[in-house]
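Data first, discussion second: the structure below is written as structure tokens.
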Amino acid sequence: MTPIIDHAETDDQIASTFEVMQQLRPHLERAQYVPLIRSLMASDGLKLLVLSEDGEVRAVASYRVMNMLYCGSLIYVDDLVADERVRSRGYGAQLISRLKDEGRALGCSEIQLISRVTREHAHRFYFREGFGIECFHFRVSLS
């Protein structure tokens with residue numbers, strides 16, 4: 001069956017992404033997941049893009065459109081994860097392709113994301129998808 005890519009908009013659609021998203025974000029708790037996503041949708045314009053096949057969620061991307069002084073509009077990808085049981089089947093690449101199409105349609109100049117330095121497999125994937133490393137991302141904990 002051909003994969004279907006669509007936005008999760010209902011509570012049930014959002015909830016269906018939990019198991020896959022938790023593979024990337026293990027600290028998430030099921031009971032708080034839908035309210036958290038709904039809150040981010042309302043406050044930050046977060047969107048969930050879901051790739052499903054045979055009625056099963058295979059990959060998820062959360063993203064938002066941002067405006068920056070140095071580049072104008074961009075798509076910022078918060079999370080991109082393919083179900084570990086079905087990785088290397090092109091699902092992540094299909095989500096990236098759809099995000100690129102959406103970015104172009106919205107007049108965005110680029111897509112950005114952050115990936116921890118320890119995620120070497122993810123880095124190889126991003127390089128294959130045309131991403132490059134252009135800057136350092138600095139952070140400091142406030143707790």
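Here are some notes:
- Qualifying positions in region 10-40 - out of contact with any strand residue (DSSP E or B) (no Cβ under 8 Å at 6 or more places or on another chain), of a type outside the set (A, V, I, L, M, F, W, C) and not in a helix (DSSP H, G or I): 10, 26, 27, 29
- Entry remark, region 122-135: residues being free of Cβ contacts under 8 Å to residues at least 24 places away in the same chain and either part of a loop (DSSP other than H, G, I, E, B) or exposed (fewer than 10 other Cβ atoms within 10 Å of the Cβ) (or both) number 6 in total.
- Take the conditions (1) hydroxyl-bearing (Ser, Thr, Tyr); (2) surrounded by fewer than 16 Cβ atoms within 10 Å (Cβ to Cβ); (3) under 20 Å from residue 48 (Cα atoms); residue 115 misses just one of them, which is (2).
- Residue selected from region 89-110 under the condition in contact with an Asp or Glu (Cβ under 9 Å, 6 or more places away or on another chain) and in contact (Cβ under 8 Å) with a residue 40 or more places away in the chain, by the criterion nearest to residue 79 (Cα to Cα): 91
- Apart from one condition, residue 26 fits all of (1) touching a residue at least 12 places away in the same chain (Cβ under 8 Å); (2) closer than 16 Å to residue 83 by Cα; (3) surrounded by fewer than 17 Cβ atoms within 10 Å (Cβ to Cβ); the exception is (1).
- Of all the criteria given as (1) outside any helix (DSSP H, G or I); (2) in contact with a helix residue (DSSP H, G or I) (Cβ under 8 Å, 6 or more places away or on another chain); (3) free of Cβ contacts under 8 Å to residues at least 60 places away in the same chain, the one not satisfied by residue 2 is (2).
- Of the residues making up region 41-79, those that are without any contact (Cβ under 8 Å) to a residue 24 or more places away in the chain, hydrophobic (A, V, I, L, M, F, W, C) and not in a strand (DSSP E or B) number 3.
Taken together, the values in this text are just the output of simple stated rules run on the coordinates, not laboratory data. Given the structure is predicted, the values throughout are model-derived calculations rather than measurements. Note that we place each Cβ from the backbone using ideal geometry, even for glycine, and neighbour counts take in every protein chain shown.
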